[in-house]
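Please treat every number below as a calculation from the coordinates, not as lab data. What you see is a predicted model, and the numbers here were worked out from it, not measured in a lab. Because the Cβ atoms are built from the backbone with ideal geometry, glycine has one as well, and the counts that use them run over all protein chains shown.
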Amino acid sequence: MKLANSTILITGGTSGIGMEFLQQLSKQGAAHIIITGRDNPKLEKVKQQFPDVYTVQSNVGNIREIEELYLDVTKKFPALNIIINNAGIMRNLNLQDTSIGLESITQEIDTNLSGTIRMVHRFLPHLKIQASAAIVNISSGLAFVPFPLSPVYSAAKAGVHAYTQVLRLQLKNTNVKVFEVAPPSTETPLQNAFSNIDMGSSSPMMKVDKMVSEAIRGILKDKAEILPGMSKALRFMGRIAPAFFMNFMHKMIEKAKKKSK
Ligand SMILES: NC(=O)c1ccc[n+]([C@@H]2O[C@H](COP(=O)([O-])OP(=O)(O)OC[C@H]3O[C@@H](n4cnc5c(N)ncnc54)[C@H](OP(=O)(O)O)[C@@H]3O)[C@@H](O)[C@H]2O)c1
């Protein structure tokens, strides 16, 4: 997939992987880059650093805001031809904690999975009229082996993986290419919720610039499923011994929790 001269929308472009995509895609010669996020001050900060970027405050968990984003962006950037569904949240959730409300318990599904599906559904007609277009969905290595501390996140990412496989199949004879990037554990603010659990060398983190450069290399080579760093091993483990690896991680977490007490 050619990236130079493309017009690219990145959801969640104010931090971590999304912001790194913004930086590296600018260097690849993208014509226009549009980023979204919920937090206005964070959007302003990115705008100061990258004056050419177009920023929109938009929550992928909100249907009305997706509709407004679609109308605004397709009017201002009719050549929009790539969307990167990157916006995501990840929480440390104890399923026995009954104080968590019914609204809150599915937050990762609403943002990471429903947000991705709704963005694709809304923007697909526009992408289909472009000469060449792409959808890039950011899943996770945890789509293949669930992480014991993040059950709803893992379920959402497994959902993104399954959805993306079928999306690719159904768009096979169209001009829209479908990519999945499944990052391994990567150094970004998303990891802050887990900073009190030191799993040492059993959980090495990938540098965000390296992760995104592998993702971009894969997209340029038309690699449909991009599995940087440990994600390839996670997919393999998920196929041959999913319970074994999940239990191993659970034991490591319990040990780390005891050590930090
Ligand atoms: N870091 C990792 O280890 C890792 C591993 C595998 C997969 N991933 C995936 O990579 C993607 C990016 O994560 P990251 O590590 O870069 O996290 P991050 O640094 O926390 O960035 C997340 C971005 O998403 C935005 N966002 C969150 N909820 C949103 C919503 N409802 N609507 C619009 N924007 C929203 C955030 O901005 P606001 O808060 O202002 O909205 C921020 O710009 C996520 O899908 C994540 O699941 C990350």
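Data table
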{"item": "Whole-Hz ³J(HN,Hα) from phi, Karplus 6.51 cos²θ - 1.76 cosθ + 1.60, for region 246-261, glycine and proline x", "result": "5, 5, 4, 4, 4, 5, 4, 5, 4, 5, 5, 5, 4, 5, 7, 6"}
{"item": "Given K47/K207; K45/K221; K75/K128, the pairs whose alpha carbons are separated by over 22 Å", "result": "K47/K207; K45/K221"}
{"item": "Summed residue charge, Cβ within 12 Å of K27's Cβ, Lys/Arg positive, Asp/Glu negative", "result": "-2"}
{"item": "Three-way shape label, region 95-241, alpha-carbon gyration tensor, a/c 1.5", "result": "oblate"}
{"item": "Region 18-96: GluC sites (Glu not before Pro) in DSSP coil with no more than 11 other Cβ atoms inside 10 Å", "result": "none"}
{"item": "Descending semi-axes in whole angstrom, ellipsoid equivalent of the chain, from the Cα gyration tensor", "result": "31, 20, 18"}
